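Colleague: Please read through the structure below; I'll follow up with questions.
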Amino acid sequence: MSLLVIGDLQGCDDSLQKLLAIAPAADRLLFLGDLVNRGPQSLAALRRVRGFGDRALTVLGNHDLHLLAVAAGIRPQHADDTLQEILDAPDADELLDWLRMRPLAHFERGALFVHAGVLPPWSAARSLELAHEVEQQLSGPNYRRFLATMYGNQPARWSESLTGADRLRCVLNALTRVRYVSEDGTMDFRVKQGPASAPPDLIAWFDHPQRASRDTPIVFGHWSTLGLMLRSDAICLDTGCLWGEALTALSWPERTAVQVPCPRFRRPR
Ligand SMILES: [Mn+2]
């Protein structure tokens, strides 16, 4: 069984088709989240990934969650959102219900797959347990009530003593939004650039010296200014398709990367 891992789509359905045409044939596909938003074909991309059925697995990203929150009337759309065509689609309910049932983390063939990252105290096994706590809320009957409590940047530092909405918000923010942490493990949500130009007091989450998951390769997206990174212990596949860079697929565990160039849909602000 061959596995092909695909970076952030953000509605770039044409690029996905081009990528799959040149990538090695794979039994299964694994998407790193942010299937939708900001790009040109959010509806087509979402339908296509869902249409793969059991052949594809996706972990949820912050833009996927934003779609669920907009659809639930909890969050307003942003000026550069491209979600309306999904909300207006005749199959919107099926697409959104499918989306909220997706996992936030997945372990397979020795690697952990998440959209953004994990926090320093979490092993890979602990990350999966904590992801499951949030997945139970998102996939359950009261998911709208949960979505209403999930926004906010606090608490930004993990503690096993966190409970309720604070605990779940901290987990969700780490799995779907984190890029940098401070030395004590507190998440930063302001800095989006790559490590070369980041403030000196911030550490990329995967470089934290006490990272409990360091023996597990973690494959993630979300960080287009980091771009393609193929380290033994941390692999980033967000290569900025939306911004006119590339869409990337990686065969796992072979670690062979394939890319297609993408037309620029957005200019960085
Ligand atoms: Mn993201």
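Coordinate-derived values only; no laboratory data. Not measured: the values here are computed from a predicted model. For neighbour counting, all protein chains shown are included, and Cβ atoms are generated from backbone atoms with ideal geometry for every residue, glycine included.
Colleague: Once the dipole of region 1-114 is set up with Lys and Arg at +1 and Asp and Glu at -1 on Cβ about the Cα centre, which of 37, 69, 1 lies farthest towards its positive end?
Modeller: So the residue furthest toward the plus end is 1.
Colleague: Let me ask something else. Could you size up the charge dipole of region 3-261 around its Cα centre, putting +1 on the beta carbon of Lys and Arg and -1 on that of Asp and Glu, and report it in debye to the nearest 20?
Modeller: Values: 25 positive and 31 negative charges, 40 e Å.
Result for region 3-261 is approximately 200 debye, rounded to the nearest 20.
Colleague: For region 100-160, state what percent of all Cα-Cα pairs lands in each successive 10 Å bin, counting from 0 Å until the bin that includes the largest distance.
Modeller: With a bin width of 10 Å, the distribution comes to 20, 49, 29, 2.
Colleague: Could you run the Karplus curve 6.51 cos²θ - 1.76 cosθ + 1.60 with θ = phi - 60° over region 39-48 and give me ³J(HN,Hα) per residue in whole Hz, x for Gly and Pro?
Modeller: Coupling constants for region 39-48: x, x, 9, 4, 5, 5, 5, 5, 4, 5 Hz.
Colleague: Please report the spacing between the Cα centers of region 23-63 and region 93-124 in Å, no decimals.
Modeller: So the two Cα centres are separated by 13 Å.
Colleague: Quick one: which residues, 5 or more positions from residue 30 or on another chain, have an amide H under 5 Å from its amide H? H modelled 1.01 Å from N in the peptide plane, none for Pro or chain starts.
Modeller: The answer is 4, 5, 6, 57.
Colleague: Also, I was wondering about something else. Which one, 76, 103, 40, has the greatest fluctuation when you compute a Gaussian network model over the chain with C-alpha springs under 10 angstrom?
Modeller: Evaluated over the chain, the most mobile residue of the options is 76.
Colleague: Do me a favour and compute the ellipsoid semi-axes for the chain from its Cα gyration tensor, root of five times each eigenvalue, largest one first, whole Å. List each step's numbers first, then the result.
Modeller: Details: eigenvalues 125, 103, 66 Å².
Semi-axes (√(5λ), whole Å): 25, 23, 18.
Colleague: What is the sum of charges, Lys and Arg at +1 and Asp and Glu at -1, for the other residues whose Cβ falls under 11 Å from the Cβ of residue 233?
Modeller: Details: positive: 211, 214, 231; negative: 207, 215.
The answer is +1.
Colleague: Still on this model: Summing +1 for each Lys or Arg and -1 for each Asp or Glu, what net charge is found among the other residues whose Cβ lies under 14 Å from the Cβ of residue 146? Show your work: numbers first, answer last.
Modeller: Values: positive: 75, 100, 144, 145, 167, 169; negative: 133, 135, 166.
Here the charged neighbours net out to +3.
Colleague: Let me ask something additional. Checking a compactness column here: for region 147-251, what do you get for Rg(Cα) / (2.2 N^0.38 Å), N being the number of residues?
Modeller: Working: Rg = 14.5 Å, N = 105, 2.2 N^0.38 = 12.9 Å.
Compared with the compact-globule rule of thumb, region 147-251 sits at 1.12.
Colleague: With springs connecting C-alpha atoms under 10 Å apart, model the chain as a Gaussian network and identify which of 60, 138, 20 has the largest mean-square fluctuation.
Modeller: Answer for the Gaussian network model of the chain: 20.
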